[in-house]
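**Q** One structure follows; several queries about it will come next.
The values are calculated or read from the model by the stated rules, or taken from the named source; none is laboratory data. Just so it is clear, the model here is predicted, and its values are computed rather than measured. Reconstructed Cβ throughout: ideal geometry from the backbone, glycine too, with neighbour counts over all protein chains shown.
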Amino acid sequence: MIQKIVDTLYRNPRSNWNLWQRFGGYFEYQKMLSAQKDMAIAAAKLFVFNENNFLKELDVCFLTGKKFWYQTLFCAYSLQKVIPNPIHFTFYDDGTLDQVANIKGQIPNSTVIYTSEIESRLSSYLPLEKYPYLHHKRIVYKHIRKLTDVYVGTRGWRLMLDSDMLFTHTPTEIVDWLSNPTMPIYMQEEESAYGFPKDYMEGLSNSTIPDCINVGCLGLNDRLIDWDKLEYWAKNLEETFGTCYYLEQALSAMIIGNNDSLRLDRDRYVVYPKASLIYDNANLFHYVDLSKAEYFRNAWKKIV
């Protein structure tokens, strides 16, 4: 009871205040939330499709659900808009996608992998008794499902996109990769954000880990993932250093390790774009952290 009172009167208001200040104050934050609602309303009118024009069909994946579906729609719409090839979209259910009513209506060329199918694959290929830590993280940390739910029980290369991204020009490097993937592909940040000491990660994985990997756009092959190692790495990192928001990005960097990879130019595939950025200079923008304000208030409007 006392804890609840403390949270209500002190911790929650203080947390809200800090959040508002990061986005320029209470009123600026409310403007951003209003713009977010406008984006969700606009997304309900989007239709994502490209008639078969004899170009090779390309495959792209998202982990998504009810909360993020409008962002997924905008990312998919913006990508198909700048690519002449027809795209087949595969959506992996985060546990809430079955609450989205009109998936096929808005994206006809798509497949949904619902939770029931995912859990059946996990039971067969990643049994709970052998991989308890990965199963635990799936429940408390949905980001790791971009690895477990997508690559368990599948074969071949997959390109996973985060929903909070927008394409503005043809991403030639991504199109070429999708046409003939032979190595991992990833975006780059200005600074490494792995959440754990990089030298410790390298010792654990016995590899040299590239700097600045961002997994907003990430292409991997299931044969690169050793699930026994992933179970051990995740458990070891968090037992040694504590839980971390960036665990999935750290594990992805460890998987990539010494493998030859395609690193997307950070000036044309931009993580954390600034509001003053000239949109003609880049192909893809990943709106993380404070750049969400630009994303909700302006960026999506340029797409439609």
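**Q** Name the residue, out of GLY105, GLY156, that is within 30 Å of SER179 (Cβ to Cβ), of a type outside the set (Asp, Glu) and in contact with an Asp or Glu (Cβ under 8 Å, 6 or more places away or on another chain).
**A** Working: GLY105 fails: in contact with an Asp or Glu (Cβ under 8 Å, 6 or more places away or on another chain).
Step by step, each of GLY105, GLY156 is checked, and only GLY156 is within 30 Å of SER179 (Cβ to Cβ), of a type outside the set (Asp, Glu) and in contact with an Asp or Glu (Cβ under 8 Å, 6 or more places away or on another chain).
**Q** In addition: Just to be sure I understand, how many residues within region 131-149 are of a type in the set (A, V, I, L, M, F, W, C) and under 15 Å from ASN221 (Cα atoms)?
**A** Taking region 131-149 and keeping what is of a type in the set (A, V, I, L, M, F, W, C), we get 134, 139-140, 144, 147.
Adding the requirement that they be under 15 Å from ASN221 (Cα atoms) leaves 147.
Number of matching residues: 1.
**Q** Let me ask something else. Residue check: is MET201 touching a helix residue (DSSP H, G or I) at 6+ places or on another chain (Cβ under 7 Å), in a helix (DSSP H, G or I) and in contact (Cβ under 8 Å) with a residue 24 or more places away in the chain? Let's see the steps before the verdict.
**A** Values: touching a helix residue (DSSP H, G or I) at 6+ places or on another chain (Cβ under 7 Å): yes; in a helix (DSSP H, G or I): yes; in contact (Cβ under 8 Å) with a residue 24 or more places away in the chain: yes.
Considered against the rule, which asks whether it is touching a helix residue (DSSP H, G or I) at 6+ places or on another chain (Cβ under 7 Å), in a helix (DSSP H, G or I) and in contact (Cβ under 8 Å) with a residue 24 or more places away in the chain, MET201 comes out as yes.
**Q** State whether the residues of region 169-187 include one that is crowded, with 21+ Cβ neighbours inside 10 Å and aromatic (Phe, Trp, Tyr). Write out each step before concluding.
**A** So in region 169-187, the residues crowded, with 21+ Cβ neighbours inside 10 Å come out as 171, 174, 177-178, 184-187.
From what's left, aromatic (Phe, Trp, Tyr): 177, 186.
Yes - at least one qualifying residue is present in region 169-187.
**Q** I've got another one for you. For region 40-69, give me the residue count where each residue is under 18 Å from PHE285 (Cβ atoms), under 14 Å from the mean Cα position of the chain (by Cα) and not in a loop (DSSP other than H, G, I, E, B).
**A** 2
**Q** Output the residue which, of all residues in region 134-161 that are in a loop (DSSP other than H, G, I, E, B) and not charged (D, E, K, R), is nearest to LEU224 (Cα to Cα). Give the derivation first.
**A** To start, the set of residues in region 134-161 that are in a loop (DSSP other than H, G, I, E, B) comprises 141, 152-156.
Add one more test, that the residue is not charged (D, E, K, R), and what stays is 141, 152-154, 156.
On the way: TYR141: 22, VAL152: 12, GLY153: 13, THR154: 12, GLY156: 10 Å.
Within region 134-161, the match that is nearest to LEU224 (Cα to Cα) is GLY156.
**Q** A follow-up question, please. Hey, among the residues in region 47-81 that are hydrophobic (A, V, I, L, M, F, W, C) and surrounded by fewer than 17 Cβ atoms within 10 Å (Cβ to Cβ), which one's nearest to LEU178 (Cα to Cα)? First the steps, then the outcome.
**A** As a first pass, look at region 47-81 and keep what is hydrophobic (A, V, I, L, M, F, W, C): 47-49, 54-55, 58, 60-63, 68-69, 73-76, 79.
Okay, now just the ones that are also surrounded by fewer than 17 Cβ atoms within 10 Å (Cβ to Cβ), so 47, 49, 54-55.
Details: PHE47: 22, PHE49: 18, PHE54: 16, LEU55: 12 Å.
Step by step, filter region 47-81, then rank; the result is LEU55.
**Q** Of the conditions (1) under 17 Å from GLU202 (Cα atoms); (2) part of a loop (DSSP other than H, G, I, E, B); (3) without any contact (Cβ under 8 Å) to a residue 40 or more places away in the chain, ASP260 fails just one. Which one is it?
**A** (3)
**Q** Something else now. Considering only region 91-101, I want to know if a residue exists there that is under 29 Å from ILE139 (Cβ atoms), of a type in the set (S, T, N, Q), buried (at least 18 other Cβ atoms within 10 Å of the Cβ) and modelled with pLDDT of 95 or more.
**A** Pass one, region 91-101, residues under 29 Å from ILE139 (Cβ atoms): 91-101.
Those left that are additionally of a type in the set (S, T, N, Q): 96, 99.
Checking which are buried (at least 18 other Cβ atoms within 10 Å of the Cβ) leaves us with none.
No, that holds for no residue.
**Q** Then there is this: Taking region 87-120 only, how many residues are out of contact with any helix residue (DSSP H, G or I) (no Cβ under 8 Å at 6 or more places or on another chain), in contact (Cβ under 8 Å) with a residue 24 or more places away in the chain and more than 28 Å from PHE296 (Cβ to Cβ)?
**A** Result for region 87-120: 1.
**Q** Kindly indicate whether ASP222 is modelled with pLDDT of 95 or more, among the acidic types (Asp, Glu) and surrounded by fewer than 23 Cβ atoms within 10 Å (Cβ to Cβ).
**A** On the way: modelled with pLDDT of 95 or more: yes; among the acidic types (Asp, Glu): yes; surrounded by fewer than 23 Cβ atoms within 10 Å (Cβ to Cβ): yes.
Taking the combined requirement at face value, the residue satisfies it.
**Q** Separate question: What do you reckon, is TYR194 surrounded by 21 or more Cβ atoms within 10 Å (Cβ to Cβ) and part of a loop (DSSP other than H, G, I, E, B)? Let's see the steps before the verdict.
**A** Values: surrounded by 21 or more Cβ atoms within 10 Å (Cβ to Cβ): yes; part of a loop (DSSP other than H, G, I, E, B): yes.
Taking the combined requirement at face value, the residue satisfies it.
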